[in-house]
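Here is the structure we will look at.
Laboratory data are not the source of any read-out in this text; all were calculated from the coordinates shown. Worth saying up front: this structure is predicted, and the values here are computed from it rather than measured. Ideal geometry is used to build each Cβ from the backbone, glycine not excepted, and the neighbour counts take in all protein chains shown.
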Amino acid sequence: ETGVTQTPRHLVMGMTNKKSLKCEQHLGHNAMYWYKQSAKKPLELMFVYNFKEQTENNSVPSRFSPECPNSSHLFLHLHTLQPEDSALYLCASSQGTVTDTQYFGPGTRLTVL
Amino acid sequence: KNQVEQSPQSLIILEGKNCTLQCNYTVSPFSNLRWYKQDTGRGPVSLTIMTFSENTKSNGRYTATLDADTKQSSLHITASQLSDSASYICVVRSGGSYIPTFGRGTSLIVHP
């Protein structure tokens, strides 16, 4: 999987910790996304960045803070999370946004204790 | 409210058999519908995308159909293989929206 990479693949953190998830795309795309995938729930789009600018925040709590320093990198900064935030966090990228195919990374499995 | 419902929730079939997964949606206005395959521990991979004017689209052993009048889609898998074991997710996008509507997925297990 060299298209979209994510690190770390697994993360366990306490509710008072601060951690960051990293995503990097090697496809030359202009748009990047963060998704949350919880067990037995549909994928939820969290944030959309297009040309490094945030174009969508899907009512995500402020304890999740995205950062997009350039069109190849995307971060998700985490602080004071709750146990219900435990999920698989997926990053994706696409050439454009609305209709282009999104390419997903393998995800970070997050467990909040 | 935009919704995507998939059935069945899970399915077990024998290798070599065919199967059909269903997707019903209430997304409006309709822009396109995608089927994704998600292997365990990996991100989803797009199989097909269909727009309003397309009725059928194939990708190897995968064939997707779309009936925009009844707002239904199906994904037919022919001659299943063990590697087809995965979750299949239906995603519908409304016109001009960044936020797609995802189904919960159908978990397919192919046994030898």
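Working from Cα pairs under 8 Å separated by at least six residues, relative contact order for chain B is 38 percent. Of the cross-linked pairs A:Lys40/B:Lys1; A:Lys22/B:Lys1; A:Lys41/B:Lys1, those separated by over 27 Å at the C-alpha level are A:Lys22/B:Lys1.
Considering only A:Cys68, A:His79, A:Tyr35, and ranking their Cα positions along the charge dipole of chain A that arises from unit charges at the beta-carbon of Lys, Arg, Asp and Glu, the one farthest toward the positive end is A:His79. Within the listed set A:Pro66, A:Pro83, A:Pro42, the residue fluctuating most in the Gaussian network model of chain A (springs between alpha-carbon atoms under 10 angstrom) is A:Pro42. Net charge dipole, chain B: roughly 200 debye, given to the nearest 20, about the Cα centre with Cβ charges of +1 for Lys and Arg and -1 for Asp and Glu. Under 10 Å from the Cβ of A:Leu78, count the other residues' Cβ atoms, weight Lys and Arg +1, Asp and Glu -1, and hand me the total. That works out to +2. For the protein assembly as shown, the Kirkwood hydrodynamic radius comes to 18.1 Å, computed from all pairs of different C-alpha atoms. Residue-wise HN-Hα couplings along the stretch A:74-82, as the Karplus relation 6.51 cos²θ - 1.76 cosθ + 1.60 with θ = phi - 60° gives them from phi, are 9, 10, 10, 8, 10, 8, 6, 6, 10 Hz; Gly and Pro carry x.
Under 5 Å from the amide H of A:Ser86 lie the amide H atoms of A:Val112, each residue being 5 or more positions distant or on a separate chain, with H modelled from the backbone and absent for Pro and chain starts. Taking 4.7 Å between beta carbons as the limit, the unpaired Cys residues of the protein assembly as shown are A:Cys68, B:Cys19. By the rule of a C-alpha distance below 26 Å, with chain neighbours fewer than 8 residues away ignored, the lysines paired with B:Lys17 are B:Lys37, B:Lys57. Taking Lys and Arg as +1 and Asp and Glu as -1, the other residues whose beta-carbon sits under 14 Å from that of A:Phe64 total -1. Relative to one another, the C-alpha centroids of the stretch A:5-77 and the stretch B:66-100 are positioned 24 Å apart. Net charge of the neighbourhood of B:Ser87, taken over other residues with C-beta under 13 Å away and scored Lys/Arg +1, Asp/Glu -1, is +3.
Computed from the Cβ-Cβ distance with R0 of 41 Å, the FRET efficiency linking B:Asp67 to A:Arg9 stands at 0.55.
Remark: relative contact order (the stretch A:49-90) = 31 percent; criterion is Cα-Cα distance under 8 angstrom and separation of 6 or more residues.
Which one, B:Ile12, B:Ser94, B:Ser73, projects farthest toward the positive side of the charge dipole computed for the stretch B:1-103 from Cβ point charges (K/R +1, D/E -1)? Final value for the positive-end residue is B:Ser94.
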